[in-house]
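Only one structure is covered here, and it is reproduced in the block below.
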Amino acid sequence: MREYLLTLCITAAVTYLLTGPVRKFAIVAGAMPEIRARDVHREPTPRLGGIAMFFGLCAGLLVADHLTNLSTVFEKSNEPRALLSGAALIWLIGVLDDKFEIDALIKLGGQMIAAGVMVMQGLTILWLPIPSVGNVALTQWQGTLLTVALVVITINAVNFVDGLDGLAAGMVCIASAAFFLYAYRVWVSYGIEAAAPATLFSAILMGMCLGFLPHNMHPARIFMGDSGSMLIGLVLAAGAISITGQVDPDALKLFAGSEKAAVHQTVPVYIPLLLPLTIIAIPAADLVLAIVRRTWRGQSPFAADRGHLHHRLLEIGHSHSRAVLIMYFWSALIAFGALAYSVNSASMWIVLGVVFLSFIGLVLLLLPRFTPRTPRWAEAFVPPRYRRGGAVAEPAAGTPQTAIAESESESGSEEQPRTPVAAGAGRVNGATALGARSRPLDRRKAGTSR
C-alpha cells in the first residue's frame with residue numbers, strides 16, 4: 001500500500017506542477033477557442049490540460065517500475081507497456097483536436113486504433129464470467145472486438161460528461177478510487193497477481209485526476225480538453241479490461257462447488273468490472289441519452305448540444321458548483337454502492353443505505369423546483385426573493401442608482417447578457433459564474449468537443 005500511495009502522490013505532484021506551465025503554453029499556442037453555443041463558461045479558457053496528465057501518467061509508471069514490489073508488475077506482465085502505448089496514441093490525437101479541432105470520425109478511428117494497439121500487446125479480454133454458465137473463453141476476434149468496444153464506449157462516456165469545471169476529473173477520480181479498493185482486495189486478500197496491473201492503473205489514474213483538479217475547479221483556469229478526457233477514459237477502461245478479462249473468477253475460491261456455482265455467486269462482484277459503465281453510470285447514461293436525442297432529431301450522434309445531464313441541472317436552477325457536487329454524489333453512490341455490494345451481497349443494510357441516500361439525492365436534485373418562503377418574523381433578514389410577497393418595493397426618491405441596481409440583483413431578476421471575451425484577450429483567468437449569455441451567431445462550431 002505504501003508503494004501505491006507513493007506512486008499516486010508522485011503522479012499527482014507531477015500533474016499539478018506541470019499544469020501551470022502547460023496553461024501558459026496553451027495560451028501562446030492558441031489552444032484557447034472562442035465561446036461556443038453549448039459552452040457554459042464566459043471567457044475563453046485554454047485547453048491542452050491533458051499534456052500535464054499524460055506526463056503524470058508517465059511519471060507514475062516510471063516510479064512504479066523502480067519500486068521493490070510494483071516492479072514485478074512490469075516483469076510479469078506487458079500490460080503497463082500496452083497501456084502506455086495506447087495512452088500515447090490517444091493523447092496525441094487529443095492534442096491535435098484541442099488545437100485544430102479534427103473531425104469526430106477521425107477521433108473515433110483513432111480511439112479504435114489505440115484500443116487495437118493495446119490488444120496487440122496483450123491487454124485484452126480473454127474470457128467472461130457468465131451467470132449460470134461459468135467461464136466462457138473468447139476467441140481472438142471476439143476478445144478484440146469486445147475490448148475495442150469497451151474502450152471506445154468508456155472514452156466517449158468520459159468525454160461527453162466533460163462539460164463543467166472539474167466534473168470529468170472528479171467523477172473519474174471517484175470511480176477509480178472505488179476500482180482501486182476492489183482491485184487491491186482481489187490482489188492482496190486473495191493473492192491473485194493478475195489483478196496487480198489494474199490496481200496500479202487505478203492508483204495512477206487517481207493521481208492524474210487529483211493533480212489536475214485544483215486547476216480545473218470552478219472557475220477553471222484550464223480545461224483538460226480531449227487530450228485529457230480521452231486519456232483518463234482509456235486508462236479507466238484499461239484497468240477494467242485487465243481485471244475482468246484476465247482474472248479467473250474461480251481462482252477467488254469464495255464458494256465451494258462447481259465453477260458454474262462460483263461464477264453465479266460472484267456475479268455481484270464482477271458486474272461492476274465487466275461493465276465499467278456501471279461504475280461511471282452517470283456518464284454512460286448521458287452518452288446513451290445524447291445518442292438517442294440526436295438521432296431522434298435527425299442529427300449526427302457526434303453533433304454536440306446543450307442537452308447533457310449537467311446542462312439540465314443548470315436549467316433546473318442549480319449553480320455551477322452545486323451541479324458538479326450533485327454529479328459527484330451520484331457517481332460516488334453508484335460506485336461505492338456497487339463496491340459494498342460486491343463485498344457483502346447478502347447484507348440488507350447496504351441496500352437500505354443506498355435507497356436512503358438515493359432519496360436524499362433526489363431531494364437535493366429537485367430542490368430548486370421548490371421556492372422556500374421565510375416566516376414573517378424573519379423576512380427582514382433575508383433577500384426579497386425569499387419573502388412571501390416576492391415583490392421588491394419601489395426605491396425611494398433620491399435613492400442612488402447603485403442601490404437600485406443592488407436591489408434588482410437581490411430580487412432575483414435575470415442578469416443582462418454579457419458579450420463573451422474574444423479568444424486571445426488579455427487577463428484571461430478561466431470560466432466565470434453562470435448566467436444568461438448571448439449565443440454566438442455562428443453555431444456551426446458547436447459540433448466540436450470541449
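Quick notes on this structure:
- Hits in the range 66-106 - residues which are among the charged types (D, E, K, R) and without any contact (Cβ under 8 Å) to a residue 40 or more places away in the chain: GLU75, ASP103
- Applying the condition of being of a type in the set (Gly, Ala, Ser) and either buried (at least 22 other Cβ atoms within 10 Å of the Cβ) or at pLDDT 90 or above (or both) to the range 178-206 and asking which residue is nearest to ARG322 (Cα to Cα) yields ALA178.
- Applying the criterion of being modelled with pLDDT under 90 and of a type in the set (A, V, I, L, M, F, W, C) to the residues of the range 147-159, the residue that is surrounded by the most Cβ atoms within 10 Å (Cβ to Cβ) is VAL158.
- Subset of the range 321-345 (residues that are hydroxyl-bearing (Ser, Thr, Tyr), open to solvent by less than 60 Å² (accessible area, probe 1.4 Å) and within 20 Å of ALA240 (Cα to Cα)): SER331, SER342
- A residue that is open to solvent by less than 70 Å² (accessible area, probe 1.4 Å), at pLDDT below 75 and among the basic types (Lys, Arg) can be found somewhere in the range 294-316.
- Cβ-Cβ under 6 Å pairs, at least 6 apart or on other chains, the range 12-30 side on the phi > 0 side of the Ramachandran plot, far side of a type in the set (Val, Ile, Thr): none
The values are calculated or read from the model by the stated rules, or taken from the named source; none is laboratory data. What you are looking at is a predicted structure, and each value in this text was computed from that prediction instead of being measured. Backbone-built Cβ (ideal geometry, glycine too); neighbour counts: all protein chains shown. Accessible surface is based on the protein model in full, side chains and every heavy atom, while ligands, DNA and RNA are left aside. Shrake-Rupley method; radii C 1.70, N 1.55, O 1.52, S 1.80 Å.
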